[in-house]
Amino acid sequence: MQHKLTLYWQLLHDEAKLRALQHSCSVPDFVQQMAVYLQWRDLSFDLMLSFLEQQNNTVLVPDLELFSRFWQPADYRKKQQALNWVPAFEPLQQPFFQDDILKQRGKLLAQFIRPVTLVSDLLTQASRLTPVSPDLIIFHWSRCGSTLLGGLYRQLSGVKLLSESMLISDMLLDPFWPDSVKPQLLTLALLLQGRFRHGETQLVLKLNAWDLPLWPLWLQQFPAAKVLCLGRDPEAILASHQRISGMHMAGLPGQLGVLGDIWQHCDSFFSGRCEVLYILMQSSEALVRQKQAVFIDYQHLVQFSPQQLAAWLGRTPDSHELQRWQSFSTRDAKQPDQAFQQASTRLDVAFSPEQQQSIQLRLQPLYQLLLQKSEL
């Protein structure tokens, strides 16, 4: 058995064999390949399933630099401070990182082989990883055009868009880790999830809305990155969350860091959402005031030309990129297979007069201040 375990460890670090398994389209073929790789003549489907289930429930200590060329971390296991991995043989193409992970998990390789590693084991190997750092970081309040902007940057050749990684958020917000370790955690996560595996040359990060209060940590670790912060009229954002609520607006006490703490002191969804948005706006104002970022409002974002936006990456789009850019602009950013349709909500229907007044008094002054500092 030890020989088979050694062969299995080697398999997880072997690009040619992993690619062959990735392209396997049938269970019998997958079993046959595994029988050859593990030198297991009488390997049956049931035996393979039992063997792989044991390995999937055993912590792997990989040669991280080699292993992470073909695997990417997908999820963070908070109870064990561990990472789940999926194959990384295809570039990120979906609006959100989790969509790419779901696509990968539909393939046989990811269904049968599910490596798990402890973060503590990986931290000791971080210095051996290929260096990578973001060229552009996008902070946002949600429902303000960040998915559109990220998708547009993906139309530029050589750009890797890492969009709303839950793994990074979950790891940084895990109270298990002391603040002194979080810079190392963030750097490790970016080295692994942001790694260039498909000829990319530039990395764009679109963070989760609830990452915004952690901006000092992000900028401390990646001081050379350009930084954009997107916002929108508070009434429009709150109205959008009434239609479909985002995670940070769903009233989840004890989750998402300071944004989760807010809900313990609010007596309604409306007041909680206002306070969450206020915290995001405060963080944006501090970020912009220290001249660490440029604030862009949604109404201005849609007026920017491709050349203006590409300039944030030091790029001038060519004719092919402009054609892709134009095509993408007509699609729904979250569902690119559908044409874009502007959602409309009458604010006098969405909010009571008292709620409208509360928005005007609590949120509009800070929003107007940010608009004065916005990039036009």
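Numbers for the structure displayed
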| item | result |
| --- | --- |
| Counted residues, segment 272-295 - those being within 24 Å of residue 371 (Cβ to Cβ), of a type in the set (Gly, Ala, Ser) and assigned to a helix (DSSP H, G or I) | 3 |
| Tally of residues being among the β-branched types (Val, Ile, Thr) and either more than 16 Å from residue 368 (Cβ to Cβ) or open to solvent by 10 Å² or more (accessible area, probe 1.4 Å) (or both) across segment 227-239 | 1 |
| Breaking point among (1) in a helix (DSSP H, G or I); (2) over 17 Å from residue 294 (Cα atoms), for residue 200 | (1) |
| Any hit, segment 171-182, residues being in a strand (DSSP E or B) and at pLDDT 95 or above | no |
| Residue within segment 96-103 that is modelled with pLDDT of 95 or more, in contact with a helix residue (DSSP H, G or I) (Cβ under 9 Å, 6 or more places away or on another chain) and outside any helix (DSSP H, G or I) present | yes |
| Unique residue being open to solvent by 70 Å² or more (accessible area, probe 1.4 Å) and not in a loop (DSSP other than H, G, I, E, B) when the list is 16, 35, 74 | 16 |
| Checklist (1) modelled with pLDDT under 95; (2) surrounded by fewer than 18 Cβ atoms within 10 Å (Cβ to Cβ); (3) part of a loop (DSSP other than H, G, I, E, B) applied to residue 242, failing item | (3) |
| Within segment 95-116, considering residues that are without any contact (Cβ under 8 Å) to a residue 60 or more places away in the chain, surrounded by fewer than 20 Cβ atoms within 10 Å (Cβ to Cβ) and more than 15 Å from residue 21 (Cα to Cα), the one nearest to the chain's Cα centre (by Cα) | 99 |
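The values are calculated or read from the model by the stated rules, or taken from the named source; none is laboratory data. Not measured: the values here are computed from a predicted model. Note: ideal-geometry Cβ built from the backbone for every residue, glycine included; neighbour counts use all protein chains shown. Heavy atoms of the whole protein, side chains included, go into the accessibility calculation; ligands, DNA and RNA do not. Shrake-Rupley method; radii C 1.70, N 1.55, O 1.52, S 1.80 Å.
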